[in-house]
Each structure stands twice: as structure tokens, then as C-alpha cells.
1. Can you give me the long-range amide H partners of G195? Hydrogens built in the peptide plane at 1.01 Å from N, cutoff under 5 Å, separation of 5 or more residues or another chain.
2. Take the Cα coordinates of the chain, assign each an equal point scatterer, and use the Debye formula without solvent to give log10 I(q)/I(0) at q = 0.15 Å⁻¹.
3. Under the rule a/c < 1.5 gives rounded, and otherwise a/b versus b/c splits prolate from oblate, where does segment 4-126 land using the Cα gyration tensor?
4. Count charges around F144 for me, please; just the other residues with Cβ under 11 Å from its Cβ, Lys/Arg as +1, Asp/Glu as -1.
5. Mind pulling the angle between the C-alpha long axis of helix 200-227 and the longest principal axis of the chain? Nearest 10 degrees, somewhere in 0 to 90.
6. Evaluate the relative contact order of segment 89-150 (contact order divided by residue number), counting alpha-carbon pairs under 8 angstrom at least 6 apart; express in whole percent.
7. Please list, in order along segment 235-244, the HN-Hα scalar couplings obtained from phi with the Karplus expression 6.51 cos²θ - 1.76 cosθ + 1.60 (θ = phi - 60°), rounded to whole Hz, x for Gly and Pro.
8. Would you tally the net charge around S75, using a Cβ to Cβ cut-off of less than 14 Å, leaving S75 out, and scoring K and R as +1, D and E as -1?
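Values quoted throughout were computed directly from the atomic coordinates according to the rules given, and no laboratory measurement underlies them. Because the structure is a prediction, the values reported are computed rather than measured. So basically every Cβ, Gly included, is an ideal-geometry build from the backbone, and we count neighbours across all protein chains shown.
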Amino acid sequence: MQQEILPYIVEPRKDTGLYNAKLGIWLFLASEVMLFGALFSSYILLRVGADEGTWPHGWLNIPLGTANTLVLICSSITTVLAWASLKMNRFSAFKMWHAGTLLCALIFLGIKSYEYHDKFTHYSIVLADGKVADGHLVEKSKDFSLENKTGEITIHGAIGASLKDFADLRSHETKHEHAEHKIEAAQIKAMENYGPRHNTYTAIYFTLTGLHALHVVGGAIVIGFLWSFGAKLWKTDPERFTNRIEVSGLFWHFVDLVWIFLFPVLYLL
């Protein structure tokens, strides 16, 4: 019995003008728009509802965010060039450009990992006298214990009168001299790094950028597969393989577009 072949794998449907995979990816991206749209809306509501002077500004590294933006823009260009190379029957050029897209994805994730590490080593320390020490952890003594009040830590940062002193780091009125400060455990009332549970801003920052990073990882896995093992389809069904590159490229463009919104919202505004 002859195996039944699924229709519209390569040729477009008459009702939509799209082949099945392309129709599927557009429907999937529509659901992604709703997902990120809900998160962006939550961010806006949380920000406008915050007390005046408490919403953080200048907590993120703008040069690194700019670099990651340029990296993703370059990756969008390389993925288009990879698809165009296949349309011109230039498989070797496709391999080169698609490798460039994968490299850009890995660079983006590397920079994002560095930014995350920076936040998890950045501490806000409430002292017993009510002042706040804010900075990056330099050293922690072996016997340091916040519960037992033993040992000391060294941070590179500044000491302010309250948490509000560190809310807007871009303000010209906020002037802190950064230096190394040794703080004994007995002087510490509470301490916490700039992880997701630090405050509302870091929670939404890690949620938005973390979800976006997972999309980058997923896209990179697909790109890596199509570049390596999945490329075998080119020999047997080149048009179908080209369509797969186009579909993966549409997803990748969406990932880039989400970052284009994330960068100004989180880093600049």
C-alpha cells in the first residue's frame, strides 16, 4: 500500500497561501505575542503603581545591553542570508551564515550570563544603625555566619542613609564614593543579593529576560540541529529544507524583536 503523503508540506494551501509549517509558526507566534504582551503589561502596571522615587533606574549595564542588541540584529541578518543562500542553491554559503547565527546566539547568552552573575554577586545590606551598604561582594571570611553573627564580609560599593539612596543610580543628586568596606556580621541586620526576590524590579527583570533567554536557547538548539544533522534533508528534499530554515528564521526574528522592546524598557527608561 502506498504511503500517504501529507499535503501542503511544500506547496502553499489555496485558502491561506501558506504551506503548513509557515501557517503553524504564525499561529504559534500569535500566542507568543499574547504571552509577552501580558508580561509587558504587568511591567507597566507595576511601574506606574510604584511609589515615587522607589522604582530603580540605572541598575543595568547599558553598554552590555547595547552590545547584545547589536549581536541579535546581526543574527537576524545572518539568518536571512542563510535562507537566501539556499534559495540561490548555495549550500556552503548557507552553512557559513547559519553558523554565524548560532555564534551570535551563544555570544548573546554569554553576555546575559555575565549580567546575571553580576546581579547575584551584588548585595544590599541593611546595617544595625539603619544605614544601607550596597555593592559587589569581594570577600567573605570562612567563619562568616549571619545567624551566629560571626566573621565579616568585604564589599566594593558605597554606604547610604537608606534604600532610596540607591534607587536611581543615574540621578545627578545621588553621589556615592565607591570603595571597599569591611562589614562585621554583628553590624548586619539583613542582606540580600540582587536576585529575583530582591524587589519588584528584579523580579520582573529576571522573568522577562529569563523567558527571553529560554527562547534564545530553544532557537539556538533548532538552528544547531538544522545546521548539522537536519541538513541531510537538503540532499533529498531541498525545497522542504529551505522552508524549515524560513520557519526557524521567523521564530528567530520574533526573538530579536522581543529584545528590541526589552532593551529600552528595562535598560533605558
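1. HN-HN under 5 Å from G195: empty list.
2. -1.08
3. Details: a/c = 3.55, a/b = 1.67, b/c = 2.13.
Oblate, because a/c is 1.5 or more while a/b does not exceed b/c.
4. Working: positive: K140, K142, K149; negative: E139, D143, E147, E152, E184.
Net of charged neighbours comes to -2.
5. It is inclined by approximately 30 degrees.
6. On the way: 23 pairs, mean separation 10.7, N = 62.
Once normalised by length, the contact order is 17 percent.
7. Values per residue, Gly and Pro as x: 6, 9, 8, x, 5, 5, 5, 4, 5, 5 Hz.
8. Details: positive: K112; negative: D256.
Combined, the nearby Lys, Arg, Asp and Glu give 0.
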